Amino acid sequence: MAVIAVTKERRAGETRVATVPETVKKLIGAGFSVVVESGAGVAASYPDADYQAAGATIAKTAKDAIAKADILFKVRGPEPDEIKALKPGAVVAASLNPYMDRATLDALAKQGATAFAMEFVPRITRAQVMDVLSSQANLAGYRAVIEAAEAYGKAMPMMMTAAGTVAAAKVFVMGVGVAGLQAIATARRLGAVVTATDVRPATKEQVESLGAKFLAVEDEEFKNAQTAGGYAKEMSKEYQAKQAEL
């Protein structure tokens, strides 16, 4: 029986956990054994008791959790002491940020681990359930609007009061990818008047379908600004100047 370890995230400000109790049940049902470091889920509001109830074993330390693990699940890349605790040939699945964090990759290679950078999973239909980029971008778009509403310090929707009318806040969303679409939807739900921009023509319909107004320099370059894969091309300096002026 393969052993999966889940350890606490140790990077500053990181409150996520790689596996939740609901997923632990599924993993055990699939024939795995799951070991969770004590306190791994506390910052995400999952106490050890929830993991135990789901069938996981609780380990006192990260080293204890990893000692016999065949697979290590992390949100972010493992720390140096966690890598040293891996047995040769162990598998690590995490968002490894390989272009910026070469040291972690080198340490994993030196330890003889097999590493899967989850952000490199192809964004295709069959792999949607493993698409960490979309799932986290979706949450980021939502959180961005909540943070903006807090910083704004006023009511977002139009309000009719005995003392007069408060106009709705105007929200401008720049970039209509997964995060941008969620930001539009969240701002609209809060009652704001929303405008959004993107260089890809296909996003115009998406923006308008969410009840927001689309704004862009719609010239010939704009009409061809999307790659075959659906991503935005880099725009010319001339287009960027028009965009800034608009």
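The values are calculated or read from the model by the stated rules, or taken from the named source; none is laboratory data. For clarity, every value in this text was computed on a predicted model and none was experimentally measured. When we count neighbours, we look across all protein chains shown, and the Cβ atoms used for this are built from the backbone with ideal geometry, even at glycine. The protein model used for the area step is the full one, side chains on, heavy atoms only, and it has no ligands, DNA or RNA in it. Shrake-Rupley method; radii C 1.70, N 1.55, O 1.52, S 1.80 Å.
Taken as a whole, the condition of being open to solvent by less than 60 Å² (accessible area, probe 1.4 Å), under 23 Å from LYS26 (Cα atoms) and part of a loop (DSSP other than H, G, I, E, B) does not apply to ALA65. Cβ-Cβ distances below 9 Å connect the following pairs, each with a first residue in the range 98-111 that is open to solvent by less than 100 Å² (accessible area, probe 1.4 Å), a second residue that is of a type in the set (S, T, N, Q), and a separation of six or more residues or different chains: PRO98/THR104; THR104/ASN97; LEU108/THR114. Among residues of the range 131-181 being among the charged types (D, E, K, R) and more than 13 Å from the chain's Cα centre (by Cα), the one that is least open to solvent (accessible area, probe 1.4 Å) is GLU147.
Among residues of the range 174-197 that are of a type in the set (Ser, Thr, Tyr), those with a beta-carbon under 6 Å from a residue that is surrounded by 19 or more Cβ atoms within 10 Å (Cβ to Cβ) and assigned to a loop (DSSP other than H, G, I, E, B) at least six positions away or on a different chain give the pairs THR197/ALA216. Among the residues of the range 1-45, the ones that are within 18 Å of THR61 (Cβ to Cβ) and open to solvent by 50 Å² or more (accessible area, probe 1.4 Å) come to 5 in all. Is there a residue in the range 68-86 that is open to solvent by 70 Å² or more (accessible area, probe 1.4 Å) and β-branched (Val, Ile, Thr)? Taking every residue of the range 68-86 in turn, none turns out to be open to solvent by 70 Å² or more (accessible area, probe 1.4 Å) and β-branched (Val, Ile, Thr). Against the test of being within 24 Å of MET235 (Cβ to Cβ) and open to solvent by 30 Å² or more (accessible area, probe 1.4 Å), the options ARG189, ARG200 yield a single qualifying residue, ARG200.
Checked against (1) over 21 Å from ASP131 (Cα atoms); (2) modelled with pLDDT under 95, PRO98 passes all but a single condition, namely (1). Among the residues of the range 3-40, those identified as over 16 Å from SER95 (Cβ atoms), in a strand (DSSP E or B) and of a type in the set (A, V, I, L, M) are VAL3, ILE4, ALA5, VAL34, VAL35, VAL36. If you check LYS110, LYS154 for being among the basic types (Lys, Arg) and more than 30 Å from ASP70 (Cα to Cα), only one passes: LYS154. Out of curiosity, is ALA43 part of a loop (DSSP other than H, G, I, E, B) and either closer than 18 Å to MET1 by Cα or of a type outside the set (Val, Ile, Thr) (or both)? No; evaluated as a whole, the condition is false for this residue.
Criterion applied to VAL217, VAL173, VAL194 was being more than 21 Å from LEU139 (Cβ to Cβ), outside any helix (DSSP H, G or I) and in contact with a Leu (Cβ under 9 Å, 6 or more places away or on another chain), and the one residue passing it is VAL217.
Determine whether SER135 is under 28 Å from ARG16 (Cβ atoms) and not acidic (Asp, Glu). Judged against the criteria, SER135 is a match.
Evaluation of TYR51 against the conditions (1) part of a loop (DSSP other than H, G, I, E, B); (2) buried (at least 23 other Cβ atoms within 10 Å of the Cβ); (3) not β-branched (Val, Ile, Thr) shows that the sole unmet condition is (1). Among the residues making up the range 203-212, those that are within 20 Å of ALA225 (Cβ to Cβ) and open to solvent by 30 Å² or more (accessible area, probe 1.4 Å) are LYS204, GLU205, GLN206, GLU208, SER209.
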